[in-house]
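For reference, the structure is listed below as structure tokens.
The values are calculated or read from the model by the stated rules, or taken from the named source; none is laboratory data. As the structure is a prediction and not an experimental result, all values here were calculated from the model. Every residue, glycine among them, receives a Cβ derived from its backbone with ideal geometry; neighbour counts consider all protein chains shown. For the accessible areas, the whole protein counts, side chains as well, though only heavy atoms, and no ligand, DNA or RNA atoms are used. Shrake-Rupley method; radii C 1.70, N 1.55, O 1.52, S 1.80 Å.
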Amino acid sequence: MSLRLQGPVIPDFGNTSGCKANETFCWDWFADHWDRFAAELVQHVYVSAIAIVIGLVIALPAALVAYRLPRFETPAVVFSTILYTIPVLGFFLLMIPVTGIGLFTIEIALVGYTLLLLFRNTLTGLRSVPPEVRAAALGMGLTPGQILVRITFPLALPAVMAGLRVVTVTTISLATLAAYIAPYGLGQSILFYIGNTFISGLISAGVLAILLALVADALIVGLTRLVTPWARARRGGA
Amino acid sequence: MVLVDAWRFVADNPARVLGDIAGQLVLSLVSVVIAIAIAVPLGAAIGHTRRFALLAVNGANVLRALPTLAIIAIGIGLYGVGFINIMVALVILALPLILTNTYVGVAEVEPGTVEAARGMGMTGWQILTQVELPHAVPLIMAGIRTGTVFVIATAYLAGTAGYPHTLGSVITNPTLPVSQLLAYTVIAVLLAFAVDGLLLIVQRAVTPAGMKIVPVTAA
Amino acid sequence: MTDPATQEGPVGASHRGEALAIEFRHVTKRYPGQDAPAIDDLSLTVPPGETCCLVGPSGGGKTTAMKLVNRLIEPTSGDILIGGRSVLTYDVTTLRRDIGYVIQQVGLFPHMTIGANIGTIPRLLGWDKERIAERTGRLLDLVRLDRSYAKRYPAQLSGGQQQRIGLARALAADPPVMLMDEPFGALDPITRAEIQDEFLSLENEIRKTVIFVTHDIDEAIKMGDKIAVLRPGGRLAQYGSADELLGDPVDDFVADFVGADRGLKRLSLRSVGELADPGREAPPGAPSVSAGTSLRVGLSVLLAANAEVLEVTKEGRPAGAVTLAEIREAAGS
Ligand SMILES: Nc1ncnc2c1ncn2[C@@H]1O[C@H](COP(=O)(O)OP(=O)(O)OP(=O)(O)O)[C@@H](O)[C@H]1O
Ligand SMILES: [Mg+2]
């Protein structure tokens, strides 16, 4: 297996001269290595985004099916719970013999972790729509398809978005571990600098991963407000 | 056969495997207990007084967003490798779940129930301990359960944090054969399910009986 | 702080079981950030053992006035006295334990059995187990629920039963004063009438001073010895017996509030026996009712029979007569 655990023991100072070996964080060094971190940051974003989008594509229809056919719920929950409980690193590593080293393996594992929360939240959201609301819509002459698209799904949206929020930060967090098996994301730098006495590299990668998660979290919160304006009206009105 | 090799590895090294399981459990237990010790009083205070609620909820969301590996990495920079490092990361993992659940459980007691209790002359402390906390027990336990499962399923990162006496001794060491990896991964999953089941039993036992009944009428 | 377990309430000890007057003295309550007061210079006295119904439009300050008594809200100025002593001089906790409190939402503790709910305050007061159990059983009898209900949980009771338990819980420590905020507001009319009747008969057994908030004037007429009408802004519009309010509303606001049919309502307060002239004899063929019948029913009997004179009977014997004109006069207006 090609792995990048063995970082150099001698600090990689680059061209920077102003840094001391025992410094907590050296800005000069960080500026000097920004290209590397930027590249990893971009990778981290798309590795996470791909997993979240695929997760939605699988979990939303599955939740709709389970909403219509309750029989389907238990197997889906059990399956996604097992996926959810496997240590992600073990999952990654065990997939290697099957799917090889690369993005595909990473995405399979990451998608596996999104399913449970997205599925469960969507189903809860769909079920929380009051029956009288649907009955009223039916009485007004909306077709079942129209009711689903115009009434049920919008009303389930807050729950879906709440799930999406947790899934987003979790996926970004788990994606740091992807570097154990293939060169993707900010985890590369974390693993690369982990044995190093010069800790600016570790701090940089760690802080960037945290910032990315916080920014993504804030974006999802903003998106939630945008797509569920009525929820805010109710909150404010009380 | 990978499966056979995996089984043989476990069968041949019982002391090592049991030691790693015990290490994983002790680490998880310590982390969860610390998270409970911080989160339950804090969540109860916030839910009872309804002050700083926004701060607490947002703070919990920030904590929840922190990638565990990033905490470990920064922790190595700030306070070095070892038990403390992984423990801090795991406490941060479990804390927000227990905190928000405690807060919500306490804060969402019917306003009429709290007002009745106050009107009857119960002190704030009596309302908290005799009305609000019992009401919050199912939610607090749910938070502890989820938090514990998260912690157990993540504790192997102890290997990366420089504390190898856990399942992480194998899982975070990709140079080892796949069979060992498989064995430890399966053990980790089983451990998580077992503890979850155990906590479910505890949850049922400590939930006040009245909280389990579905009302017959919508009064 | 004294130990609540050994402490009898402020109003308690010497007074327990004995009714006390509640007196509002120039009470004003202004909520922070609001210009208009919720209660404006309210003065009224509820004599010992009487029930005062507070009525008025929504937002009129009824709930506020009531919560000032058990200090869930503190007054901006003025004072409230129970049995002649200012509520402000007492420790709030002990004060509240001597004041029964019943609200529309009931607020039973969902995790406690009915028995534990009723026994909450006695437990906090440190009563021993047998005494609490005995008291709980007596209270269940009082609100006409089987004693076996003590083992149930609130979620297993109907809305009306929960409201009865709320009442029993408030009565548990035998408080001399009761505050009730739209206690029967959430019930259907039949259950509500039933509980009203039960509370009235219970009131006869356990004379307590009661402040009863309602926005239903009919409920106020039925339940109250006296009625206080609040206008928006928390000013007292009129305070008096139902008969006074119905017969002599001080202004249009009160007249509107008690309703255009206040004459009829007033008739339901009195019986034909009170009005009947025992010396008079009804003409043959006149309709006849017993003396306990309300004037309102008497009037409808007269109208139905298209007659002028109503015969009044006591134990089946003629005991005088009432004329349509007299009834009309009694309705006043
Ligand atoms: N906690 C509070 N803070 C600020 N204003 C309040 C508060 N409680 C009540 N008010 C205001 O005080 C006024 C009187 O309210 P109150 O609840 O006493 O009315 P009410 O007569 O009980 O009405 P209802 O019949 O609707 O129960 C209202 O204008 C209300 O908005
Ligand atoms: Mg009110």
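A few notes on this one:
- Positions within region C:273-294 being open to solvent by 40 Å² or more (accessible area, probe 1.4 Å) and either of a type in the set (S, T, N, Q) or in contact with a Lys or Arg (Cβ under 6 Å, 6 or more places away or on another chain) (or both), in sequence order: C:Ser288, C:Ser290
- Helices (runs of 4 or more DSSP H) wholly inside region C:40-120 containing at least 2 residues that are within 16 Å of ligand 1 (Cβ to nearest atom) and either in contact with a His (Cβ under 9 Å, 6 or more places away or on another chain) or within 14 Å of chain B (Cβ to nearest Cβ) (or both): C:62-69
- Evaluated against (1) on the phi < 0 side of the Ramachandran plot; (2) modelled with pLDDT under 90; (3) more than 16 Å from ligand 2 (Cβ to nearest atom); (4) open to solvent by less than 60 Å² (accessible area, probe 1.4 Å), C:Val254 falls short on exactly one condition, (2).
- Flag if C:Arg123 is away from ligand 1 (no atom under 16 Å from the Cβ), without any contact (Cβ under 8 Å) to a residue 12 or more places away in the chain, under 30 Å from C:Arg85 (Cα atoms) and of a type in the set (D, E, K, R): yes
- Residue ranges of helices (runs of 4 or more DSSP H) in region B:106-219 with at least 2 members open to solvent by 30 Å² or more (accessible area, probe 1.4 Å), farther than 22 Å from B:Val88 by Cα and out of contact with any strand residue (DSSP E or B) (no Cβ under 8 Å at 6 or more places or on another chain): B:111-119, B:124-127, B:133-154, B:178-206
- Residue match in region A:144-162 (condition: among the polar types (S, T, N, Q) and open to solvent by less than 40 Å² (accessible area, probe 1.4 Å)): yes
- Residues in region B:81-114 that are free of Cβ contacts under 8 Å to residues at least 24 places away in the same chain and more than 14 Å from chain C (Cβ to nearest Cβ) were compared, and the one that is farthest from the chain's Cα centre (by Cα) is B:Ile84.
- No other residue among C:Gly49, C:Gly56 is open to solvent by less than 30 Å² (accessible area, probe 1.4 Å), within 16 Å of ligand 2 (Cβ to nearest atom), at pLDDT below 95 and closer than 26 Å to C:Val254 by Cα apart from C:Gly56.
- Looking only at region C:4-37, residues that are more than 16 Å from ligand 1 (Cβ to nearest atom) and either modelled with pLDDT of 95 or more or in a loop (DSSP other than H, G, I, E, B) (or both) come to 19 in all.
- If you filter region A:184-197 down to residues that are outside any helix (DSSP H, G or I) and over 18 Å from the mean Cα position of the chain (by Cα), you find that the one that is surrounded by the fewest Cβ atoms within 10 Å (Cβ to Cβ) is A:Thr197.
- Flag: C:Glu130 matches the condition of being surrounded by fewer than 24 Cβ atoms within 10 Å (Cβ to Cβ), of a type outside the set (Gly, Ala, Ser), away from chain B (no Cβ under 11 Å) and more than 21 Å from C:Leu72 (Cα to Cα).
- Some residue of region A:198-211 being open to solvent by 20 Å² or more (accessible area, probe 1.4 Å), under 21 Å from A:Leu89 (Cβ atoms) and modelled with pLDDT under 90: no
- Single match in C:Arg144, C:Arg164, C:Arg135 (criterion: more than 16 Å from ligand 1 (Cβ to nearest atom), of a type in the set (Lys, Arg), outside the structural domain of C:Asp216 (by TED's automatic domain parsing) and more than 20 Å from the chain's Cα centre (by Cα)): C:Arg135
- Qualifying residue in region A:79-95 (condition: over 16 Å from the mean Cα position of the chain (by Cα), open to solvent by 30 Å² or more (accessible area, probe 1.4 Å), more than 10 Å from chain B (Cβ to nearest Cβ) and modelled with pLDDT under 85): yes
- Filtered by the rule that a residue be hydrophobic (A, V, I, L, M, F, W, C), part of a helix (DSSP H, G or I) and over 30 Å from A:Ala179 (Cα atoms), region B:43-69 gives B:Ala44, B:Ala45, B:Ile46, B:Ala53, B:Leu54, B:Leu55, B:Ala56, B:Val57.
- From the list C:Phe184, C:Phe199, the lone residue that is at pLDDT below 90 and within 16 Å of ligand 1 (Cβ to nearest atom) is C:Phe184.
- Residue in region B:145-163 that is more than 23 Å from A:Thr170 (Cα to Cα) and in contact with a helix residue (DSSP H, G or I) (Cβ under 6 Å, 6 or more places away or on another chain) present: yes
- Whenever a residue of region C:23-38 is basic (Lys, Arg), its partners that are within 9 Å of ligand 1 (Cβ to nearest atom), lying with C-beta atoms within less than 6 angstrom and at least six residues away or across chains, give the pairs C:Lys29/C:Ala38; C:Lys29/C:Ile39; C:Lys29/C:Thr64; C:Arg30/C:Pro37.
- For region A:167-192, the set of residues classified as farther than 23 Å from B:Leu93 by Cα, in contact with a Leu (Cβ under 8 Å, 6 or more places away or on another chain) and not small (Gly, Ala, Ser) consists of A:Ile181, A:Tyr184, listed by residue number.
- Number of residues in region C:296-310 that are open to solvent by 60 Å² or more (accessible area, probe 1.4 Å) and assigned to a helix (DSSP H, G or I): the value is 5.
- Of C:Glu182, C:Glu205, C:Glu244, all but one fail to be among the acidic types (Asp, Glu), within 16 Å of ligand 2 (Cβ to nearest atom) and open to solvent by 30 Å² or more (accessible area, probe 1.4 Å); the exception is C:Glu182.
- Number of the condition not met by C:Glu198 [criteria: (1) within 16 Å of ligand 2 (Cβ to nearest atom); (2) open to solvent by less than 40 Å² (accessible area, probe 1.4 Å)]: (1)
- Unique residue being more than 14 Å from chain B (Cβ to nearest Cβ), out of contact with any Phe, Trp or Tyr (no Cβ under 8 Å at 6 or more places or on another chain) and open to solvent by 50 Å² or more (accessible area, probe 1.4 Å) when the list is A:Phe119, A:Phe104: A:Phe104
- Being under 30 Å from the mean Cα position of the chain (by Cα), open to solvent by less than 50 Å² (accessible area, probe 1.4 Å) and basic (Lys, Arg) holds for only one residue in C:Arg266, C:Arg270, and it is C:Arg266.
- Here is the figure for region C:59-106: residues that are of a type in the set (A, V, I, L, M, F, W, C), open to solvent by 10 Å² or more (accessible area, probe 1.4 Å) and within 16 Å of ligand 2 (Cβ to nearest atom) total 3.
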